[in-house]
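All remarks here apply to the structure that follows.
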Amino acid sequence: MSLGLGVAQLAAPDTVRRISGVDDSSTSRAVVPLVGARELVHAAGLLTSRRKNVWTWTRVVGDAVDLASLGVAIARRGGRRRRRLLGVTGAVLGITVLDVLTAVQATRAKERGSVPAVRGTHKGGPMELTATTTVRKPPSEVYAFWRDLGNLPTFMAHLQEVRTTGDRTSHWAATAPFGKNVEWDAEIVDEVTGEKIAWRSARNADVPNAGTVWFVPAPDGASTEVHVVLTYDIPGGAVGKAVARYFGEEPHQQLDDDLRRLKQVLETGEVVRSDGAPWGKRARKEFPQRPAQPLSDAEIEKGADA
Amino acid sequence: MRANTWAGRNKVKVRDVPDPKILNNRDAIVKITSTAICGSDLHLVDGYVPTMEDGDIMGHEFMGEVIEVGSGVAADKLRVGDRVVVPFPIACGGCGACAAELYSCCENSNPNAGIAEKMFGHPVAGIFGYSHLTGGFAGGQAQYARVPFADVGPLKIESDLSDEQVLFLSDILPTGYMGAEMCDIQSTDVVSVWGAGPVGQFAMDSARVLGAAKVIAIDKEPYRLQMAERAGHTTINFDEVDVRSRLLELTGGRGPDKCIDAVGMEASHGAAHIHAYDRIKQAVRSETERPHALRQAIMSCRSGGIVSVIGVYGGFLDKFPAGAWMNRSLTLRTGQCHVQRYMKPLLQRIERGEIDPTRVITHRLPLDEAERGFDIFKNKQDHCEKVVLKP
């Protein structure tokens, strides 16, 4: 709507002025296109920004300004012009009510939409992540690759090392922000060969976590559906904050990307690298990327942490 | 090495950049002998495809000589010294899409799949020199290129065909051919092709090779229409006549049996008001396309016909004639070309003399003049149809 109003006010300001009853003043000659330009700014903001709620509130502020200027205009006019102005004011009031409702809704949606477990980490609480992919290898092979827990760091971005310490026990190390490492012991608590592995961290872990992965034959008879569920009990306080950082804004996206790399490793032999994202699994963030041109020797020397 | 790079909207720049290196075991490094500027490069230069970075090496049509292979490339597949044409989509050969010969939908070759997924729902293959949405791979308008999955994509040229005869196997020839193949052409078919650029020309030639009764070219540039005419195709200049009326005239009122959109997201239009509508919507980014050719193809196609789309679209369009599509039993088929599928059979057609890819080349420039090449190609100066660059 901003778009339509804005274009109309810019393209045919005189018509808009006549319809709204302010065609007698020279001030309106300047004000109408300005209001039009402002409407386009809202439109552009709403259409391009991810923060729809903020942009909707800017519309509400704009509406308030419109109502104020219409009020001034009404006070100064009489007769047909005043009647037209009252009509337009009614319409703008209606739009304002709509905008307020939309803005309130967008703000609420934004609050709901963010991953609450991560946003709310200062309070702590469980966070469950699920992801799935299809790998063009038989379930026995995909299972065997995963069951050799030492393979997990080849595709999971956060994991530095998983060391097997017993038949069902293992020691995990992950990188965390500020150069800290998080380590914990884990135990396989349930397992069906070729079908399922479930594990859980030992009791003294800083960040208690558990996971299950199912290997389900895909309908094509050649592939395996890999279904993963991970649960993290994110603590409050400073550790919780560090963990939240470590997961970033999009923990689901990160798990999806981990599974994409699992698929790459199993189907092509390694994690695929491009010039824009040359560091394989260490390229955690998709933005910002480096330009798609070969690395210089100096860049290679510095490595992914540069 | 020298390479042509993106330098912001409507700007390319030939710069010195580092030489490519092997990053994955199945990579090869190719010393480029010929490369080309493609119509879809213009969507990148114009800024309509998002996720370009200053310094990205452009170009996805190239060929050359293998000078290094990674440890994962079997010697029976590719060796140092082989002369190869490199297909633009990067395909792993091991995923479900590759198994179904849908190479441009390869599930593994795009390291930025997460970005592509947001834009397209599911990710697409990595493409050389074609934004970070398609992987952030350095392109081939350069002296050297790194070619991932070199054991899957590149086609060895073992005969003495010239570079110019085989270079377009990398993209525009298979793309035009796939446009015609998707039409499921019968000997009674009239096939109409929107766009007489290089891909459109090859779609026309392919339609004829596949047995169409008549091929009609639609464009507004007289020199492009003349090029189509010289190849034996009927032409319509949309700046001079109403396209739909003329098509009905040429087909006894039925409309073309098969329609190919070889234009894509930056179509121009004979009618100023519709063009202005699309331009404004595109300018404020409320739709990414100017889908005029597609609309016209759907509205003109005979009932029960096939509309085949090989013009590049990037995001979202509106005023799509869904009513015509549904009520008149039209089939809409499309795809980025699965080049790997077509390279060998098309090489044979070139060897047999059925298709002459060199007929679209109008300009040959050294790589260092890539900026000028883009300028004359984009602005259709000097009757420019296709530019080949020599590194």
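The values are calculated or read from the model by the stated rules, or taken from the named source; none is laboratory data. The model shown is predicted, which means the values in this text are computed figures rather than measured ones. Cβ: placed from backbone, ideal geometry, glycine included. Neighbour counts: every protein chain shown. Side chains are part of the model used for accessible areas, which takes the heavy atoms of the whole protein and leaves out ligands, DNA and RNA. Shrake-Rupley method; radii C 1.70, N 1.55, O 1.52, S 1.80 Å.
Counting only residues that are under 21 Å from the mean Cα position of the chain (by Cα), give me the strands (runs of 3 or more DSSP E) lying completely in the stretch B:199-310 with at least 1 of them.
B:214-219, B:258-261, B:306-309
When you scan the stretch B:1-29, how many residues do you find that are open to solvent by 10 Å² or more (accessible area, probe 1.4 Å), more than 8 Å from chain A (Cβ to nearest Cβ) and of a type outside the set (A, V, I, L, M)?
Residues that pass the stated criteria total 9.
Sort out which residues of the stretch B:372-391 are among the acidic types (Asp, Glu) and either without any contact (Cβ under 8 Å) to a residue 12 or more places away in the chain or touching a Phe, Trp or Tyr at 6+ places or on another chain (Cβ under 8 Å) (or both), and write them in order of number.
Scanning the stretch B:372-391 gives B:ASP375, B:GLU385.
For the stretch A:276-289, indicate whether the set of residues that are aliphatic (A, V, I, L, M) and at pLDDT 90 or above is non-empty.
No, there is no match, as no residue in the stretch A:276-289 is aliphatic (A, V, I, L, M) and at pLDDT 90 or above.
Which residues, taken from the stretch B:232-252, are among the charged types (D, E, K, R) and surrounded by 17 or more Cβ atoms within 10 Å (Cβ to Cβ)?
The answer is B:ARG246, and nothing else.
Can you name the residue in the stretch B:41-98 that is within 11 Å of chain A (Cβ to nearest Cβ) and acidic (Asp, Glu) and, of all such residues, is most open to solvent (accessible area, probe 1.4 Å)?
Result: B:ASP54.
Within the stretch B:145-171, track down each residue that is within 14 Å of chain A (Cβ to nearest Cβ) and buried (at least 23 other Cβ atoms within 10 Å of the Cβ).
Answer for the stretch B:145-171, where residues must be within 14 Å of chain A (Cβ to nearest Cβ) and buried (at least 23 other Cβ atoms within 10 Å of the Cβ): B:ALA145, B:ARG146, B:VAL147, B:PRO148, B:PHE149, B:ALA150, B:VAL152, B:GLY153.
Of these, B:ARG9, B:ARG15, B:ARG26, B:ARG79, which one is more than 19 Å from the chain's Cα centre (by Cα) and in a strand (DSSP E or B)?
Only one candidate passes the filter, namely B:ARG15.
Every residue in the stretch B:245-278 that is more than 21 Å from B:THR234 (Cβ to Cβ) and in contact with a strand residue (DSSP E or B) (Cβ under 7 Å, 6 or more places away or on another chain), please.
B:GLY264, B:MET265, B:GLU266, B:ASP278 - these are the residues of the stretch B:245-278 that are more than 21 Å from B:THR234 (Cβ to Cβ) and in contact with a strand residue (DSSP E or B) (Cβ under 7 Å, 6 or more places away or on another chain).
Checking the structure you have, find out if any residue of the stretch B:121-133 is assigned to a helix (DSSP H, G or I), away from chain A (no Cβ under 12 Å) and of a type outside the set (Gly, Ala, Ser).
Within the stretch B:121-133 (the criterion being assigned to a helix (DSSP H, G or I), away from chain A (no Cβ under 12 Å) and of a type outside the set (Gly, Ala, Ser)), the answer is no, since none of the residues qualifies.
Mind listing just one residue for me: the one in the stretch B:99-115 that is within 19 Å of the chain's Cα centre (by Cα) and part of a helix (DSSP H, G or I) and, of those, farthest from the other protein chains (Cβ to nearest Cβ)?
Going through the qualifying residues, I end up with B:SER104.
Can you spot a residue in the stretch A:237-245 that is modelled with pLDDT of 75 or more and either open to solvent by 60 Å² or more (accessible area, probe 1.4 Å) or part of a loop (DSSP other than H, G, I, E, B) (or both)?
Looking for residues that are modelled with pLDDT of 75 or more and either open to solvent by 60 Å² or more (accessible area, probe 1.4 Å) or part of a loop (DSSP other than H, G, I, E, B) (or both), one finds none in the stretch A:237-245, hence no.
Which number in (1) within 21 Å of the chain's Cα centre (by Cα); (2) in a strand (DSSP E or B); (3) at pLDDT below 95 marks the one condition that A:TRP184 misses?
For A:TRP184, the exception is condition (1).
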